[in-house]
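Engineer: Okay, handing you the structure first.
The values are calculated or read from the model by the stated rules, or taken from the named source; none is laboratory data. Keep in mind it's a predicted model, so treat the numbers as computed, not measured. Note: ideal-geometry Cβ built from the backbone for every residue, glycine included; neighbour counts use all protein chains shown. Note: areas computed on protein heavy atoms with side chains; ligands, DNA, RNA excluded. Shrake-Rupley method; radii C 1.70, N 1.55, O 1.52, S 1.80 Å.
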Amino acid sequence: MTDGARGPWFGEYGGAFAPETLMASLAELEQAWCSVGQSAEFGAELAGLLRDYAGRPTPMTHARRLSREVGCEVWLKREDLLHTGAHKLNNALGQALLAKQMGKTRILAETGAGQHGVATATACALLGLECVIYMGSVDAARQRPNLLRMELLGARVELVEHGQQTLKDAINEALRAWVSDPEAHYLLGSALGPHPFPALVAGFQQVIGQEARQQILAQAGELPDTVVACVGGGSNAIGIFRGFVDDEGVELVGVEAGGAGIASGQHAARFQGGVPGVLHGCRTWLLQDGDGQILPTHSVSAGLDYPAVGPEHAELLALGRAKYDTCDDDVALSAFDSLARLEGIIPALESSHALGWVIEHGAELQGRRVVINLSGRGDKDLDSVFALRGKEGQ
Ligand SMILES: *Cc1c(COP(=O)(O)O)cnc(C)c1O
């Protein structure tokens with residue numbers, strides 16, 4: 001179920017660009033991941049938690065009305081039905097269990113919109129671990145219900161008051177906290193950061209792709225032509241891609257946040273609008289200016305609003321094995337409505353980018369079988385969608 005063999009390098013990308021003071025903690029984590037993390041006992045215990053607590057396997061749903069509308073055969077991998085409402089719990093449970101096996105009693109984590117913070121606080125409550133979450137104060141104000149959820153689950157939320165006071169600053173602060181508290185485990189939320197995190201997180205998310213491959217074969221009788229996922233840091237996408245990466249005939253498409261359009265400069269399209277560089281411990285594609293300053297990002301969905309992307313995606317692009325495109329805010333918002341009305345499923349705004357890309361490219365996908373990773377449910381997004389609509393209506 002896990003894969004300790006990957007990293008630190010994904011082609012020219014990845015690595016571990018971290019301060020000397022973190023190297024011992026990263027090495028300790030890699031060691032645990034390659035030993036305990038690969039053992040049959042650990043695999044069985046995690047599989048039990050995923051099944052009996054989190055609700056795996058998540059279903060594969062044939063979206064028949066949406067298929068008729070778009071003109072291709074659309075299937076949805078239903079991570080929206082996982083406990084806490086998104087794929088993030090796969091990674092949070094995996095890392096929290098590994099940390100516990102390492103003898104750790106305290107977990108540090110960052111969160112942006114709060115989904116990873118909620119998943120981490122949930123895993124810590126379940127496993128009896130102390131939990132400290134770093135969250136930018138701008139995000140905390142925007143995502144108050146998730147802040148309350150984390151506190152209800154027993155976590156302590158530390159507000160980050162510097163920089164843009166959003167996810168990038170929360171990661172900086174969590175890494176800093178880990179330096180001064182090496183006895184804790186830092187539970188990073190996406191397939192990025194210094195080695196071994198990209199490999200570790202992808203290893204915990206690849207269960208999505210393993211299930212999806214079996215399910216589509218059982219339910220449709222054949223492999224899909226195309227697999228589509230939204231790409232923030234890249235964890236839900238790499239999770240589903242890994243299930244199909246060896247099937248050469250299956251096209252893999254990652255969808256980044258096009259925001260208000262690439263030309264506007266207001267987006268989070270690292271591959272289309274960025275350059276290779278180093279951020280948060282790894283070499284990858286990112287949005288920075290000519291002086292190496294990280295650029296502000298924009299997306300209607302908080303989970304895609306991050307200036308860098310996981311290094312395994314940078315390698316898949318370099319190899320020509322996956323392609324990366326964008327979906328703008330307005331297309332994602334209309335896909336959000338379409339899925340609700342046609343299938344009775346309210347998707348996360350992040351996942352709506354993958355849906356929006358498929359709807360927008362219906363003409364070239366005619367007759368193809370397409371699996372979309374529905375990374376999460378959209379209940380969390382209702383306030384922001386209605387606030388946007390309120391503004392538009394004025
Ligand atoms: C956090 C989040 C994402 C983006 O993160 P990835 O690591 O790119 O998967 C996508 N969808 C949902 C529902 C999320 O909560």
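For every residue, the table says whether it meets (1) of a type in the set (S, T, Y); (2) closer than 22 Å to V300 by Cα.
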| position | (1), (2) |
| --- | --- |
| D330 | no, yes |
| F336 | no, yes |
| L339 | no, yes |
| I345 | no, yes |
| S352 | yes, yes |
| H361 | no, yes |
| Q366 | no, no |
| V371 | no, no |
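Engineer: Would you confirm, using the coordinates I've provided, whether F17 is assigned to a loop (DSSP other than H, G, I, E, B) and either at pLDDT 95 or above or farther than 30 Å from A335 by Cβ (or both)?
Structural biologist: Values: assigned to a loop (DSSP other than H, G, I, E, B): yes; either at pLDDT 95 or above or farther than 30 Å from A335 by Cβ (or both): yes.
Yes; evaluated as a whole, the condition is true for this residue.
Engineer: Still on this structure, I have one more. Sort through L316, L388 and tell me the only one that's in contact (Cβ under 8 Å) with a residue 40 or more places away in the chain, open to solvent by 10 Å² or more (accessible area, probe 1.4 Å), away from the ligand (no atom under 16 Å from the Cβ) and not in a loop (DSSP other than H, G, I, E, B).
Structural biologist: Numbers: L316 fails: away from the ligand (no atom under 16 Å from the Cβ).
After applying the criteria, what remains is L388.
Engineer: What pairs can you find where one residue is in segment 361-378 and closer than 18 Å to A237 by Cβ and more than 16 Å from the ligand (Cβ to nearest atom), the other is assigned to a strand (DSSP E or B) and open to solvent by 30 Å² or more (accessible area, probe 1.4 Å), and their Cβ atoms are less than 9 Å apart, with a gap of 6+ or different chains?
Structural biologist: Cβ pairs passing all conditions: H361/D325; V370/E73.
Engineer: Of the residues in segment 332-352, how many are in a helix (DSSP H, G or I) and within 16 Å of the ligand (Cβ to nearest atom)? Quick ask: steps written out before the conclusion?
Structural biologist: Of the residues in segment 332-352, the ones in a helix (DSSP H, G or I) are 332-343, 349-352.
So of that shortlist, the ones also within 16 Å of the ligand (Cβ to nearest atom) come out as 332-333, 335-336, 339-340, 349-352.
Counting residues in segment 332-352 that are in a helix (DSSP H, G or I) and within 16 Å of the ligand (Cβ to nearest atom) gives 10.
Engineer: Within segment 221-231, does at least one residue satisfy the condition of being over 13 Å from W75 (Cβ atoms), within 11 Å of the ligand (Cβ to nearest atom), out of contact with any helix residue (DSSP H, G or I) (no Cβ under 7 Å at 6 or more places or on another chain) and touching a residue at least 12 places away in the same chain (Cβ under 8 Å)?
Structural biologist: No, because not a single residue in segment 221-231 is over 13 Å from W75 (Cβ atoms), within 11 Å of the ligand (Cβ to nearest atom), out of contact with any helix residue (DSSP H, G or I) (no Cβ under 7 Å at 6 or more places or on another chain) and touching a residue at least 12 places away in the same chain (Cβ under 8 Å).
Engineer: So, in segment 151-175, exactly how many residues are touching a Gly at 6+ places or on another chain (Cβ under 8 Å) and assigned to a strand (DSSP E or B)?
Structural biologist: 3
Engineer: Report whether or not A268 is over 28 Å from D246 (Cβ atoms) and within 14 Å of the ligand (Cβ to nearest atom). First the steps, then the outcome.
Structural biologist: Numbers: over 28 Å from D246 (Cβ atoms): yes; within 14 Å of the ligand (Cβ to nearest atom): yes.
Yes.
Engineer: R283 fails exactly one of the following numbered conditions: (1) within 16 Å of the ligand (Cβ to nearest atom); (2) open to solvent by 50 Å² or more (accessible area, probe 1.4 Å); (3) part of a strand (DSSP E or B). What is the number of that condition?
Structural biologist: Every listed condition holds for R283 apart from (1).
Engineer: Residues that are within 13 Å of the ligand (Cβ to nearest atom), open to solvent by less than 10 Å² (accessible area, probe 1.4 Å) and hydrophobic (A, V, I, L, M, F, W, C): does segment 128-146 have at least one?
Structural biologist: Scanning segment 128-146 turns up no residue that is within 13 Å of the ligand (Cβ to nearest atom), open to solvent by less than 10 Å² (accessible area, probe 1.4 Å) and hydrophobic (A, V, I, L, M, F, W, C).
Engineer: Name the residues in segment 78-112 that are assigned to a helix (DSSP H, G or I), more than 13 Å from the ligand (Cβ to nearest atom), open to solvent by 10 Å² or more (accessible area, probe 1.4 Å) and in contact (Cβ under 8 Å) with a residue 40 or more places away in the chain, would you?
Structural biologist: Q101
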